[in-house]
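Please read the structure below before turning to the comments.
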Amino acid sequence: MQSALLVIWSTLLLTGLAPLRHAAVAAQVPPAPPMGLERFVIMPGESQVAYHVGEVFFNQNHQFNLATGVTRRLQGEVLIDRTHPRRSRLGPIAVDISQFTSDSTRRDEMIRERWLESSRYPIAEFTPTEIKGLPDGDAQGRDIPLQVTGNLRIRDVTRPVTFDVSLKLEGEAITGVATTKILMTDFGFDPPSILGILKAGNEVTLEFRFTARAAG
């Protein structure tokens, strides 16, 4: 069952209806899954990846603001065996972070060109290596809390991270939320800062909200 839900979660975040604009892996038609396994793919129009970062405006009496950016450019795939969940499989998750959009066009442009440099390094990729908390029995229709550990690559730096995940498999759909916290400096870039104007925190909360559906 561990592999099973692991697979579930990966699908949500790794598979899109269309290949990412700068996908690290060449897009191709996936082969038919092995007997007994169902393929679930993420629905970009029903899913998103968001970042949340605290920032302080020095020129506005040190006012605090929580900056949030969202992208729906995701790809991923999960293969699930409902009868023998341990046969389920999970692949990497690719996200086009150059498409993050917030409530500030200026912030978005500076993130792409100066701070995160996502125009140069557009694809972030998470490769799961372990999952904890999967139930022994059938998970159909239940909210399942999990911890998924893997390697997260942002820019040209790869670090181990663990996501707290809550997901549900209902019929032909999987829904859920996965969150983790990272430090920008761990991935080789400094928090956004404009002298005398603003300073962002080093900690980033990453949040994945997803819907994945069984492929025909």
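Computed from the coordinates by the stated procedures, all read-outs in this text should not be read as laboratory data. In this text, all values refer to a predicted model and were calculated from it rather than measured experimentally. Reconstructed Cβ throughout: ideal geometry from the backbone, glycine too, with neighbour counts over all protein chains shown.
Could you tell me the calculated FRET efficiency between residue 117 and residue 143, based on Cβ-Cβ distance and R0 = 41 angstrom, to the nearest 0.05?
According to the calculation, E is roughly 0.60.
Taking the Cα centre of segment 60-159 as origin and charging only Cβ (+1 Lys, Arg; -1 Asp, Glu), how large is the dipole, in debye to the nearest 20?
Values: 16 positive and 14 negative charges, 23 e Å.
In total the dipole reaches around 120 debye.
If each residue's Cβ is checked for other Cβ atoms within 10 Å, how do 109, 55 rank with the fewest at the top?
109, 55
What FRET efficiency comes out for the pair residue 46/residue 105, r = Cβ-Cβ distance, R0 = 30 Å, nearest 0.05?
In this case the efficiency is close to 0.75.
So for the pair residue 190, residue 157, with labels modelled 7 Å out along Cα→Cβ, what separation do we get in nm?
The modelled label-to-label distance comes out at 1.3 nm.
Based on the Cα gyration tensor of segment 111-200, what are the three equivalent ellipsoid semi-axes, each the root of five times an eigenvalue, rounded to whole Å and given largest first?
34, 14, 12
Among 73, 142, which comes first, then next, by fewest other beta-carbon atoms within 10 Å? The partial results should precede the final answer.
Values: 73 23, 142 12.
Placing the least packed residue first, the sequence is 142, 73.
So for segment 120-165, averaging the separation of alpha carbon pairs under 8 Å that are six or more residues apart and normalising by length, what relative contact order in percent results?
This gives 40 percent for segment 120-165.
Using label points projected 7 Å from each Cα along Cα→Cβ, tell me how many nm separate residue 56 and residue 83, to one decimal.
Going by the 7 Å Cα→Cβ label model, 6.0 nm.
Quote the relative contact order of segment 32-160 in percent (integer), defining contacts as alpha-carbon pairs under 8 Å separated by 6+ residues. Working shown, then result.
Numbers: 221 pairs, mean separation 23.2, N = 129.
Taking the mean separation of contacting Cα pairs over the length of segment 32-160, I get 18 percent.
Please rank 90, 37, fewest neighbouring Cβ atoms within 10 Å first, as an exposure proxy.
Exposure proxy ranking, most exposed first: 37, 90.
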